[in-house]
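In what follows, a structure is listed as structure tokens, so that the remarks can point back to it.
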Amino acid sequence: MKALVKKDAAPGLWLDDVPIPEVGINDVLIKVKRSAICGTDVHIYKWDSWAQKTIPTPMVVGHEFVGEIVEVGSNVNDFHPGQIVSGEGHVVCGRCRNCLAGRRHLCAHTSGVGVNRPGAFAEYLVLPMSNVWEHKPGIDLDVAAIFDPLGNAVHTALQFDLLGEDVLITGAGPIGAMAAAVCRHAGARHVVVTDLNPGRLALAKRLGATRTVDVRHESLAEVQRDLGLTEGFDVGLEMSGSPAAFRDMLANMCHGGKVSMLGIPSEEIAIDWNTVIFNMLTIKGIYGREMYETWYKMSVMIESGLDISPVITHRLPYTEFQQGFDAMLSGDASKVILNWE
Ligand code: NAD
Ligand code: ZN
């Protein structure tokens, strides 16, 4: 089968012929229809220091996808050929305390699809049945292909009560922009999104941000005054990984404000802990998606009208993957879909 492979320990990806993966007794074999490029794939493409210490070569990469089940292992009763599915990209151990308690997103022994095990930028993908999510009938395939990053947005956004609350989202990348849509859908009042990139801010606005802020030209204190917020933001979603954005967020939260942190900083961040203490802030780290409460919430929000499709900026056949990665590297793209049909 055709697959995008990190063949050598060097920048780039190679379109190659590799064997179709073997289907174990607890596995399903999925014929991939669409996949999407994630920031993680860009790290692997660039072969930065994280990728160098994390990715064994050769490796079929990619983890955001939708496809059709074509074969199931002998132990698999709950899935059958023909179902349209995506998959949770974190394969958990199943035996640790958290896994046994049903808190699988907290497993400390996860293996990543397209990171530690063969991924979804391929014509076929094998996943354990415990990682398969069946879509509702009629789902748009491009939207289904980005359930993984939508799940990051949903997991982060739904940590705290949003109904009637004023939300600050720092970072209007694809995940920040989708989080804006989720917050509006969940009944937030003001959804203020910050970034330094006007194109990304425009996209966040299309997805439902009530106010966008280019922090190079405008301060959050001014925005608060404009909006008549006298006590600060109730909920903060950090989705940039930027130390400056995180500090700015902490300084603009209300007393008792709640912050969930998804953005991955590249180094340690120093913050004013007095703000956290005297303003009694809650800060919660977020990783991945909850298995499978986040997936359930995604499916039902899409069914009840959540529209994240504007976040898709590029649709390409998989053979044009280089163009897709170039668009990601330029900062012009939000979500890039690769078609494998
Ligand atoms: P992205 O890099 O596309 O978007 C980040 C955005 O933040 C960019 O648009 C950038 O211009 C903006 N930004 C940079 N400095 C800023 C500042 N000072 N103020 C405001 N905005 C600023 O990333 P993404 O794919 O949307 O993902 C969002 C973040 O979440 C990234 O840090 C990513 O690494 C992280 N992530 C975490 C998990 C997890 O499980 N914790 C999963 C996926 C992604
Ligand atoms: Zn575990």
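Just to be sure, is residue 37 of a type in the set (A, V, I, L, M) and surrounded by 16 or more Cβ atoms within 10 Å (Cβ to Cβ)? Reasoning before the result, please.
Working: of a type in the set (A, V, I, L, M): yes; surrounded by 16 or more Cβ atoms within 10 Å (Cβ to Cβ): yes.
In short, yes.
Could you count how many residues in the stretch 233-253 are surrounded by 14 or more Cβ atoms within 10 Å (Cβ to Cβ) and free of Cβ contacts under 8 Å to residues at least 60 places away in the same chain?
Kept after step one, since they are surrounded by 14 or more Cβ atoms within 10 Å (Cβ to Cβ), are these residues of the stretch 233-253: 233-243, 245-253.
Retained after the next criterion (residues that are free of Cβ contacts under 8 Å to residues at least 60 places away in the same chain): 243, 247, 250-251.
So the count comes out to 4.
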Out of the stretch 157-205, which residues are surrounded by fewer than 19 Cβ atoms within 10 Å (Cβ to Cβ), of a type in the set (Gly, Ala, Ser) and within 23 Å of residue 333 (Cβ to Cβ)? 199, 202
Exactly one of (1) assigned by TED's automatic domain parsing to the domain that holds residue 159; (2) surrounded by fewer than 22 Cβ atoms within 10 Å (Cβ to Cβ) is unmet by residue 208. Its number? (2)
Having 1 or more residues that are over 30 Å from residue 254 (Cβ atoms) and in the same structural domain as residue 40 (by TED's automatic domain parsing) is the bar; report the strands (runs of 3 or more DSSP E) wholly within the stretch 73-170 that clear it. 84-87, 124-128, 132-134
Looking at the stretch 187-200, which of its residues are within 18 Å of the chain's Cα centre (by Cα) and of a type in the set (A, V, I, L, M)? 193
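Take residue 134 and tell me if it is surrounded by fewer than 22 Cβ atoms within 10 Å (Cβ to Cβ) and touching a Leu at 6+ places or on another chain (Cβ under 6 Å). Working first, answer last.
Values: surrounded by fewer than 22 Cβ atoms within 10 Å (Cβ to Cβ): yes; touching a Leu at 6+ places or on another chain (Cβ under 6 Å): no.
Spelling it out, it is not the case that residue 134 is surrounded by fewer than 22 Cβ atoms within 10 Å (Cβ to Cβ) and touching a Leu at 6+ places or on another chain (Cβ under 6 Å).
Could you please let me know if residue 53 is in a helix (DSSP H, G or I), more than 16 Å from ligand 2 (Cβ to nearest atom) and exposed (fewer than 15 other Cβ atoms within 10 Å of the Cβ)?
On the way: in a helix (DSSP H, G or I): yes; more than 16 Å from ligand 2 (Cβ to nearest atom): yes; exposed (fewer than 15 other Cβ atoms within 10 Å of the Cβ): yes.
So residue 53 passes the test.
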Checking residue 114 against (1) closer than 21 Å to residue 29 by Cα; (2) out of contact with any strand residue (DSSP E or B) (no Cβ under 6 Å at 6 or more places or on another chain); (3) more than 16 Å from ligand 1 (Cβ to nearest atom), only one condition comes out false. Which one? (3)
Quick check on this structure: which one of 61, 154, 92, 66 is within 16 Å of ligand 2 (Cβ to nearest atom), buried (at least 23 other Cβ atoms within 10 Å of the Cβ) and of a type in the set (A, V, I, L, M, F, W, C)? 92
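Among the residues in the stretch 102-111, are any more than 23 Å from the chain's Cα centre (by Cα) and either under 23 Å from residue 287 (Cα atoms) or modelled with pLDDT under 95 (or both)?
Kept after step one, since they are more than 23 Å from the chain's Cα centre (by Cα), are these residues of the stretch 102-111: none.
No, every residue in the stretch 102-111 fails to be more than 23 Å from the chain's Cα centre (by Cα) and either under 23 Å from residue 287 (Cα atoms) or modelled with pLDDT under 95 (or both).
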Considering only the stretch 284-314, how many residues are surrounded by fewer than 15 Cβ atoms within 10 Å (Cβ to Cβ) and assigned to a strand (DSSP E or B)? 2
All but one of (1) of a type in the set (S, T, N, Q); (2) in contact with a helix residue (DSSP H, G or I) (Cβ under 8 Å, 6 or more places away or on another chain); (3) away from ligand 2 (no atom under 16 Å from the Cβ) hold for residue 98, so report the exception by its number. (3)
Looking only at residues in the stretch 253-293 that are more than 11 Å from ligand 1 (Cβ to nearest atom) and among the polar types (S, T, N, Q), which one is nearest to the chain's Cα centre (by Cα)? 282
With the structure loaded, tell me whether residue 103 is free of Cβ contacts under 8 Å to residues at least 60 places away in the same chain, farther than 26 Å from residue 309 by Cα and touching a strand residue (DSSP E or B) at 6+ places or on another chain (Cβ under 7 Å) or whether it fails that test. no
When you scan the stretch 13-20, do you find a residue that is crowded, with 23+ Cβ neighbours inside 10 Å and in the same structural domain as residue 118 (by TED's automatic domain parsing), even just one? no
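The values are calculated or read from the model by the stated rules, or taken from the named source; none is laboratory data. Since this is a predicted model, take the numbers as computed values, not measurements. Quick reminder, even Gly has a Cβ in these numbers, built from the backbone with ideal geometry, and neighbours come from all protein chains shown.
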